[in-house]
Amino acid sequence: MTERPLRKISRMLSPGVDLVDIDRFSRSIESYGRRLLRRLFTDSELRTEPDPQLLAAGFAAKEALLKALGSGLSKGASWHDLRTLGPRGILRRPRIMGRTGQLLGTGIPSVSCSCEAGTCLALAIIERKPE
């Protein structure tokens, strides 16, 4: 058997996944109201009438992005630095700014969400060039 030379890695993928129970998230919104929504989402994300399923998907997307970044909120990341909701739903190319954007560096984020059977699943991938 001949050995193949190792190929140089041209990119690295960092995944993050999150699952949100829509009913539980809705109950949290009922309990904490606008205070919770303002903590998790920007004003531009909340321009339209909040739909619990869409908000749960947006939250799952933010959580998945933080996991893909490998930072959580512990390294200065902020919920408001992550914009996952647009006028027509989840942004496949979320906007990441501020301190969280510094953690991202030159990485390219992507998000995919699916909601079914009372849950929303979000998968975030950050594509990076190896150093």
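Just so it is clear, none of the values below were taken in a lab; they were calculated from the coordinates. Worth saying up front: this structure is predicted, and the values here are computed from it rather than measured. With ideal geometry, Cβ positions are generated from the backbone for all residues, glycine too; neighbour counts draw on all protein chains shown.
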- Top-ranked residue of the range 14-70 - restricted to ones that are surrounded by 15 or more Cβ atoms within 10 Å (Cβ to Cβ) and aromatic (Phe, Trp, Tyr), ranked as farthest from Gly89 (Cα to Cα): Phe25
- Message: Could you check the range 94-107 and list, in sequence order, the residues that are exposed (fewer than 13 other Cβ atoms within 10 Å of the Cβ) and either within 11 Å of Leu65 (Cα to Cα) or polar (S, T, N, Q) (or both)?
- Response: Thr106
- Query: Here are some conditions: (1) touching a residue at least 60 places away in the same chain (Cβ under 8 Å); (2) closer than 19 Å to Asp21 by Cβ. Leu54 meets all but one. Which one does it not meet?
  - Reply: (1)
- Note on the structure: Within the range 71-93, of all residues that are in contact with a strand residue (DSSP E or B) (Cβ under 7 Å, 6 or more places away or on another chain) and over 19 Å from Val17 (Cβ atoms), the one surrounded by the fewest Cβ atoms within 10 Å (Cβ to Cβ) is Arg83
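Could you please find all residues in the range 22-47 being within 19 Å of Val111 (Cβ to Cβ) and either in contact with a Leu (Cβ under 6 Å, 6 or more places away or on another chain) or not small (Gly, Ala, Ser) (or both)?
Start the filter on the range 22-47 by keeping residues that are within 19 Å of Val111 (Cβ to Cβ), which leaves 22, 25, 40-42, 44-46.
Scanning the range 22-47 gives Ile22, Phe25, Leu40, Phe41, Thr42, Glu45, Leu46.
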